[in-house]
1. Which of the GluC sites (Glu not before Pro) across the range 78-179 are loop residues per DSSP, with 12 or fewer other Cβ within 10 Å?
2. Give me the one-decimal nm value for the distance between modelled label points at Asn10 and Ala101, 7 Å along each residue's Cα-to-Cβ direction.
3. Using a basic spin-label model with each label point 7 Å from the Cα along Cα→Cβ, how many nm lie between Ala117 and Arg57?
4. Can you tell me the dipole magnitude for the range 1-137 around its Cα centre, using point charges on the Cβ only (Lys, Arg +1; Asp, Glu -1), in Debye to the nearest 20?
5. Taking neighbour counts of Cβ atoms within 10 Å as a proxy for exposure, in what order, fewest first, do Lys25, Lys40 appear?
6. I'm spelling it out carefully: the read-out is volume of the Cα convex hull per residue in Å³, the candidates are (1) 116; (2) 126; (3) 232, and one was derived from this structure. Which label?
Amino acid sequence: MLELAGVTKNYAGRMVVDSASLALKAGEIVCLSGPSGVGKSTLLEMAAGLVLPDQGRIRRRSPPALMFQDDALLPWLTAEANIGYILPARMPRLEAARRAAAWLERFGLEGGQYPPAMSGGMRRRLSLARTFASGRTLLILDEPFAFLDDAWQTTVAEEMAARAAAGAGVLLASHTIAPFSLPCFAQKPCRIVSVMETPLVIGRD
């Protein structure tokens, strides 16, 4: 579903990712875990195609849905419209409205709310609802548990596990790995890749 082979990225002469290799299969969940500033977000952005590697190869079997670490919500649109914005243009309006409503309900949000009036946790939940609503089979999530209490972290974990069980591939970065001990991961355990320093190096002996 996703393969990174020997990808490298430099910014202003500073190597952030060094020859990183990673394979994500359909139905698999992989979490990059480690402190801030070690290149996790850069690797996810390359995996999603937003940033080109200086070296290496990236292959994707399907287009990804990316949730940014800093929410990329459109502040002039309502919560419902933010979800509708990323749905296929060919989707019938009534179907799009129903899908948005279902995901807003799942994440405890009201469709008429605007992002600037939301708390950090609410914006995170809207970002997640928008990503899951996309229906894509490759999910890339940057800090999906941030700003969420235990109950909402459980909700997010359950959705990840359900997507993986349905055949999606999930790649994420997270400071916390506690949610991966939840029962929902009993059948689909998460593969945790520890990254502790810059430049980020994985998949190399």
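1. Working: sites: Glu80, Glu95, Glu105, Glu110, Glu158, Glu159; in loops: Glu110.
Those that pass, being in a loop and sparsely packed, are Glu110.
2. In this crude label model, Asn10 to Ala101 measures out at 5.5 nm.
3. 5.2 nm
4. Working: 18 positive and 11 negative charges, 66 e Å.
Around 320 debye, computed over the range 1-137.
5. Working: Lys25 13, Lys40 26.
Lowest count first: Lys25, Lys40.
6. Checking each listed value against the structure points to (2).
Laboratory data are not the source of any read-out in this text; all were calculated from the coordinates shown. Just so it is clear, the structure is predicted and the values come from calculations on it, not from any experiment. Don't worry about glycine lacking a Cβ; one is built from the backbone with ideal geometry, like all the others, and counts go over all protein chains shown.
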